[in-house]
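The values are calculated or read from the model by the stated rules, or taken from the named source; none is laboratory data. Model, not experiment: these values are computed from the prediction. Glycine also receives a Cβ, built like all others from the backbone with ideal geometry; neighbour counts cover every protein chain displayed.
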Amino acid sequence: MKKLITFALVGCLSSFAWAGEQRKDETKRLEMASEVLSQMTSMPDKGIPEEVLENAKCIAVVPHLVKGGFIFGGKHGRGVATCRTAHGWSAPAFISIGGGSWGLQIGVEGVDLIMLIMNDRGMEHLLSSKFQLSGEGSAAAGPVGRHASAGTDWKMNTEMLTYSRSKGAFAGITLEGAVVEQDSDSTISIYGRDASFKAVLQGRVATPDIARGFMAAVANASHRARQEAREGR
């Protein structure tokens, strides 16, 4: 009986330790995502055009997509996503992205990635909890600069626009064949249950306190883009 109790206690302690480490990982990811979003949306001449950001239905941020530098094929990253709702931006949904043949050679230790979902079809794919870019979902390298070129079709046809940053270099990036899906472990760690993508991204799940900083970064980026677009800067 003592052995059984001992094993049970060890098991419980191990579970608590794992949960604690998992939560630390999510906290760090949210902090890094906040920094990436703030920095990549506050570069007026080299960053994401304000018209693009203002029209985005959802925003996904994957900080430090890779560690070790060569073509991205088979690499993996984790991030967070949020979508517009009738009452503002939704609570963050935790995502993972991996596989596929990536359209840019970086050759550095880490790459920050932002994905902007631009229309209803792209949003439907994101809400499905798992989809493949350029297969089920259409993704393209986003335009860069203060204003989006009038000659681009980003507003009409493209489901998702993608941007990357590495050691100060900022550019659009294609993600051919990459799979985006829900990160269930992180979802359970933060929300206490495996809440569905759709429930979180449609605003039916309350934002946890741990995510307040990330949501503030999203709101600030959105507000800045809206103001700049209206002022015609």
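Inside the stretch 177-198, residues that are assigned to a helix (DSSP H, G or I) and either in contact with a Gly (Cβ under 9 Å, 6 or more places away or on another chain) or under 25 Å from residue 55 (Cβ atoms) (or both) make up a count of 2.
Of all residues in the stretch 199-226, those being surrounded by 17 or more Cβ atoms within 10 Å (Cβ to Cβ), of a type outside the set (Gly, Ala, Ser) and part of a helix (DSSP H, G or I) number 6. Selection over the stretch 71-86 of residues that are at negative phi and at pLDDT below 90 gives a count of 6.
The criterion of being modelled with pLDDT of 75 or more, of a type outside the set (S, T, N, Q), part of a helix (DSSP H, G or I) and under 23 Å from residue 32 (Cα atoms) does not hold for residue 161.
Selection of the stretch 76-95 for residues being in a strand (DSSP E or B) and not aliphatic (A, V, I, L, M) yields 76, 77, 78, 79, 82, 83, 84, 85, 88, 89, 94.
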